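One structure is given below, encoded as structure tokens.
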Amino acid sequence: MVLWGGVAASGQQDPNRPSERFRDPYAWPPLEELVEQADTIVAGEVVDMRSAYTSDRREIFTTVTLRPDRRFRGGGRSLIRFRVPGGTVGDTRMLVTHTPVFAVGERALVFLSGESGRLPRVVGGEAGKRHLRVGEDGAMMILPSFALPDVSAGITRTLNTLDDLASELPRLLVDAPSR
């Protein structure tokens with residue numbers, strides 16, 4: 001019997017092992033985790049980006065400005081500003097792996113968390129930013145979509161649009177600690 005995080009290859013729980021499943025360190029966090037970590041969840045258009053060195057000139061950060069169309073949690077302002085590591089200043093470009101990349105004019109869904117007195121950051125690395133595109137039916141499509149396992153029914157539901165996300169978020173926000 002091969003065990004992986006306390007679960008036998010057959011899928012049966014080994015009573016002598018902890019019940020936690022092994023989590024792939026390269027896998028994106030699930031939607032529930034993004035919601036739990038986020039103070040602000042908004043969808044909108046990126047209207048500005050400005051990169052600058054840190055005061056010691058050792059790193060570059062980019063401040064992204066997003067005009068939200070839909071607010072799911074927090075984000076009461078008309079413009080939302082947040083920071084991502086990396087960017088371009090002059091002829092110097094700093095790339096940071098697993099950091100979301102933004103472009104002026106793009107539409108995005110972002111999960112943000114901020115510390116007091118600092119600009120928020122995207123939670124979950126690349127997973128905390130999803131592209132948005134208008135689908136054939138006019139709905140805002142989330143790319144890539146979210147897979148939401150329903151353990152009680154033994155199925156996985158897919159949240160493909162912002163409307164799908166909006167219908168599921170009330171349940172997820174109740175389960176998430178208040179921020």
Are there strands (runs of 3 or more DSSP E) fully within segment 70-134 with at least 3 residues that are under 29 Å from Arg171 (Cα atoms)? List them. 80-85, 107-113, 129-134
Looking at (1) open to solvent by 40 Å² or more (accessible area, probe 1.4 Å); (2) among the aliphatic types (A, V, I, L, M); (3) not in a loop (DSSP other than H, G, I, E, B), can you tell me which one Ala166 breaks? (1)
Report yes if some residue within segment 67-89 is touching a Pro at 6+ places or on another chain (Cβ under 7 Å) and surrounded by fewer than 17 Cβ atoms within 10 Å (Cβ to Cβ); otherwise report no. no
Is there a residue in segment 32-55 that is open to solvent by 50 Å² or more (accessible area, probe 1.4 Å) and of a type in the set (Ser, Thr, Tyr)? yes
Name every residue in segment 103-124 that is open to solvent by less than 40 Å² (accessible area, probe 1.4 Å) and under 16 Å from Ile41 (Cβ atoms), in order of residue number. Ala108, Leu109, Val110, Phe111, Leu112, Ser113, Gly114, Pro120, Val122, Val123, Gly124
Condition first: closer than 12 Å to Gly87 by Cα and of a type in the set (Asp, Glu). Now tell me which residues in segment 46-62 satisfy that. Glu59
Go through (1) open to solvent by less than 60 Å² (accessible area, probe 1.4 Å); (2) assigned to a strand (DSSP E or B); (3) without any contact (Cβ under 8 Å) to a residue 24 or more places away in the chain and name the single condition Leu148 misses. (3)
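The values are calculated or read from the model by the stated rules, or taken from the named source; none is laboratory data. A quick note: this is a predicted structure, and the numbers were derived from the prediction, not measured. With ideal geometry, Cβ positions are generated from the backbone for all residues, glycine too; neighbour counts draw on all protein chains shown. What goes into the accessible areas is simple: the full protein's heavy atoms, side chains included, and nothing from ligands, DNA or RNA. Shrake-Rupley method; radii C 1.70, N 1.55, O 1.52, S 1.80 Å.
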